[in-house]
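What follows is a short report on a single structure.
None of the figures in this text is laboratory data; all of them are computed from the coordinates on show. These numbers come from a predicted model, not from an experiment. So basically every Cβ, Gly included, is an ideal-geometry build from the backbone, and we count neighbours across all protein chains shown.
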Amino acid sequence: MNTSSSLEKVILKSGVSRRFPDPLNNSVETEPYNIEHHILLVKAHDVPSGISLRPNPRAQRIDVGIYKDIQASLEDAGDLTFHLKNKGITMFAQKIEVSEDKKVVTAFLGPNDGIADGGHTYEIVLDSQRHNHCPANQYVKFEIVTGIPERNKVDIVGGLNTAVQVQDASLENLQGAFEWIKKALEGMPYAGKIGYKQNENKDFDIRDVISFLVLFNVEHPSLKGRSPKEAYTSKSACLNLYKDKPETFEMLKPILKDILYLHDYIHIHSGKIYNKETGGKSGLMKGVFDVRERGKFKFIFMDEESDRRLFDGTLFPIFGAMRYLVEVKPGKRTYSWKLNSFEDVKRFFDGIAADMITTTYNTSVNYGRKPNAVGKDDNHWNNLYKTVALHFFESALLSK
């Protein structure tokens, strides 16, 4: 029998922990079970390194598409629901000790104990820690199971690891449907940084690009006359819109590069313009801007870096409001800008950026500075759209 001194110790800080016995403990067998489940919520930046992965049957590779999505979810400080969306980490242990204040749990691991499921999640968390990208209040769920007989561990691990997340298979089915995007971006420095197949290790994948295009597709029957909120809330819904009417997306080809550039331009310049025009400090706007104390965000469409960016929930309504400037000119079957050039579009945005950020900040405050809620607010999307429309008419009157 293993003694505590011969067992490997794993110390977990947990603000929330619960313990309950397994129903099998009540079964009638020659050798009764004594299984217990311990559920913990651990802050991502407090997850310790060095936990054994001995029971886990798969090598951990986190540089492929689906795991990059999981990492993006973990590192999204605007959406602190990672512990609800990710099933977390399951560990086997010999026994558990809980501190008197119930905030520290010590798991004692035997030779065949450790992480049985969630190895990829664990490696993703450690990678984000190494790059100092773990938001302060993002949590990871741990389930530590004690009392599992050695004879049952292999079968249990096999069962836990059958449910592997897979990306929407429609990406594979749509091969060939994105050729016009590839051709339109040929020669651009970022062309090779966009992935078109499942599990490609790229900065963006085609689902991101499609979600951007949804914002500006004003002719799609399902998007006319309303806010294209699914561009923020659901990439799979965006793919379905694309599959439904791909020709309406291809109409965006003449301004595709402009849209991608505008994505980065809003990220980088909106805060600067707000500061200049109002004397405020956009970097202190919690819930609007994500600020890095170490390292910088990369913006591949402008080939620039910045220590801050808008959260997706605050970016998309601003980005999407600019669709007011898109039109189909009489006799044409492609989209173009209502203004004379893309340079005019950028100058136009400069003129309203401070108002857009102010509106976004006020909405964020109403939601307790939660950008995810901002990105789902229909009224906020509509208000920003009206801001663009009003400025367009005012500019037209002044030019007469």
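Work out, in µm²/s and without decimals, the Stokes-Einstein translational diffusion coefficient of segment 293-395 at 25 °C, 0.890 mPa s, Rh from Kirkwood over C-alpha pairs. After rounding, the answer is 162 µm²/s. Here the spin labels are modelled as points 7 Å beyond Cα on the Cα-Cβ line, and at Leu390 and Lys102 they lie 5.1 nm apart.
Label-point separation (nm) for Asp244 and Asp350, each offset 7 Å from Cα along Cα-to-Cβ? Placing both labels 7 Å beyond Cα along the Cβ direction yields 3.8 nm. Sequence-ordered 3J(HN,Hα) estimates for segment 72-83 from the Karplus curve with 6.51, -1.76 and 1.60 and θ = phi - 60° stand at 4, 5, 4, 8, 7, 5, x, 9, 8, 10, 4, 5 Hz, glycine and proline given as x.
The alpha-carbon of Lys103 sits under 16 angstrom from the alpha-carbons of these aspartates and glutamates, leaving out residues fewer than 8 places away in its chain: Asp46, Glu143. Helical content of the chain, expressed as a calculated mean residue ellipticity at 222 nm, amounts to -12000 deg cm²/dmol (DSSP H runs of 4 or more residues, -39,500 (n - 2.57) each, divided by residue number, nearest 500). Please give the residues of segment 204-219, grouped as numeric ranges, whose backbone N is less than 16 Å from a label point set 7 Å along the Cα-to-Cβ vector of Arg333. Under 16 Å, as judged by backbone N against the label point of Arg333, lie 219 of segment 204-219. Remark: spin-label model distance Asp378-Ile39 equals 3.4 nm, labels positioned 7 Å along the Cα→Cβ axis. The charge dipole of segment 183-285, taken about its Cα centre with unit charges on the Cβ atoms of Lys, Arg (+1), Asp and Glu (-1) only, comes to about 180 debye.
Per-residue Karplus couplings for segment 271-287, computed as 6.51 cos²θ - 1.76 cosθ + 1.60 with θ equal to phi - 60°, are listed in order as x, 4, 5, 4, 4, 5, 7, 10, x, x, 10, 4, x, 9, 7, 5, x Hz, Gly and Pro entered as x. The stretch between Lys298 and Glu150 holds 48.5 nm of extra length on full extension. This uses 0.36 nm per residue minus the Cα-Cα distance.
Stretching the chain fully between Lys253 and Leu284 yields a gain of 7.4 nm (0.36 nm per residue, less the alpha carbon separation). How big, in percent, is the set of alpha carbon pairs in the chain lying more than 39 Å apart? Cα-Cα pairs of the chain separated by over 39 Å account for 30 percent.
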